[in-house]
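Written below as structure tokens is the structure these notes are about.
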Amino acid sequence: MRLYFTLRALGHRLPLKVMFRLVFINLFFSNVTPMATGGGFAQIWYLHRHGVPMGRATAATTIRTVLAVMFIFTLTPIFLLTLRALKDHTITGSIGVALAIFIFIYLAFFAVLLFRTHWLIAPLTQILVTLHRFHLISDARHRRWQFKARREMLRFSDSFGDYLKGQKLYVCLSILFTALFLLSLFSFPALLMYSLGYTVDYVVSLGLLVVTTFVMYFSPTPGASGISEGVFGSFFRDILSGNHLVLVTVSWRLLTIYLGMIIGLIVLQRELIKDRRKPG
């Protein structure tokens with residue numbers, strides 16, 4: 001729904017069944033590629049297949065990501081400074097300096113995307129020139145791709161202003177559903193612990209998941225595999241007993257990631273089979 005209303009604010013309306021498939025295709029690709037890079041490309045590809053221009057599709061997925069980043073990056077310092085469970089933790093010490101550097105790089109990257117998009121046209125143009133120089137693309141394709149690249153970059157740049165100028169209802173709903181999505185996602189460990197009979201401090205559980213997700217943003221492994229479980233275990237080891245810690249960690253990843261990946265793989269296969277059956 002957060003991407004659906006972001007698209008509505010940009011003037012595009014896709015059927016909810018299309019958005020449903022897109023969510024799971026994104027889940028699959030984002031968790032089999034380093035730093036979730038594949039998820040964005042998969043969403044852009046799928047939106048383009050359903051009539052959304054490449055530049056607008058790229059802007060919609062970027063805005064959707066920026067909204068989530070704003071919530072997580074705002075809440076993480078608050079929880080790092082206020083949660084007693086993190087007071088003497090390694091992440092607030094030496095690792096905290098490294099994370100601060102990563103935050104700066106991440107925010108700088110998004111700042112360029114949002115406010116200096118035209119800076120990206122020159123390197124993109126140079127890549128195409130290099131491909132043409134080494135005869136990897138023909139003259140006709142080089143000219144066509146140069147035109148399309150510039151057109152889509154300009155569409156991408158204009159889309160951020162269009163989003164802010166879009167219908168306020170859709171803009172507000174995209175922000176609201178981002179908050180609801182994150183709240184739902186971060187509530188899973190608390191629900192799992194409650195089901196095991198633990199007395200749960202919901203704010204502490206929520207805060208630990210926010211910081212865990214923050215660390216996952218900078219994980220080089222596909223879907224933050226290994227790193228997410230390690231960080232989660234280190235945060236919750238003082239709350240859960242050994243066996244329950246393993247159970248909650250595995251259940252958390254299964255319900256929030258792996259189940260969606262399996263559905264995404266099935267949806268993707270059906271989409272590819274459907275494409276093969278199309279005439280021509």
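The values are calculated or read from the model by the stated rules, or taken from the named source; none is laboratory data. Quantities reported herein were computed from a predicted structural model and do not represent experimental measurements. Here the Cβ positions follow ideal geometry from the backbone for every residue, glycine too, while neighbour counts run over all protein chains shown. The accessibility values were calculated without ligands, DNA or RNA, using every heavy atom of the protein model including side chains. Shrake-Rupley method; radii C 1.70, N 1.55, O 1.52, S 1.80 Å.
Structure values in brief
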item: Where only C-alpha atoms are counted, convex hull volume of region 136-269 per residue in Å³; result: 188
item: The chain - accessible surface per residue (Å², probe 1.4 Å); result: 56
item: FRET efficiency for Arg144 and Leu272, using Cβ-Cβ distance with R0 set to 25 Å, rounded to 0.05; result: 0.45
item: Listed residue (Leu191, Leu164, Thr249) projecting farthest to the positive dipole end of region 163-280, Cβ model; result: Leu164
item: Label zone at Ser251, where the point sits 7 Å out along the Cα-to-Cβ direction: region 181-204 residues whose backbone N lies under 20 Å; result: 183-204
item: Helical segments meeting 15 Å axial Cα length and Kyte-Doolittle 1.0 threshold in the chain (DSSP H); result: 16-30, 54-82, 94-115, 168-186, 202-216
item: Fraction of accessible area attributable to carbon and sulfur, the chain (%, probe 1.4 Å); result: 69
item: Neighbour cut-off at most 14 other Cβ (10 Å), DSSP loop, trypsin sites (Lys or Arg not before Pro), region 200-280; result: Arg237
item: Calculated FRET efficiency for the pair Ser241/Leu154, C-beta based, R₀ 51 Å, to 0.05; result: 0.35
item: Computed over region 1-45, the ratio Rg/Rh where both radii use C-alpha atoms and Rh is Kirkwood; result: 1.01
item: Cα Rg over Rh - the chain, Kirkwood; result: 1.01
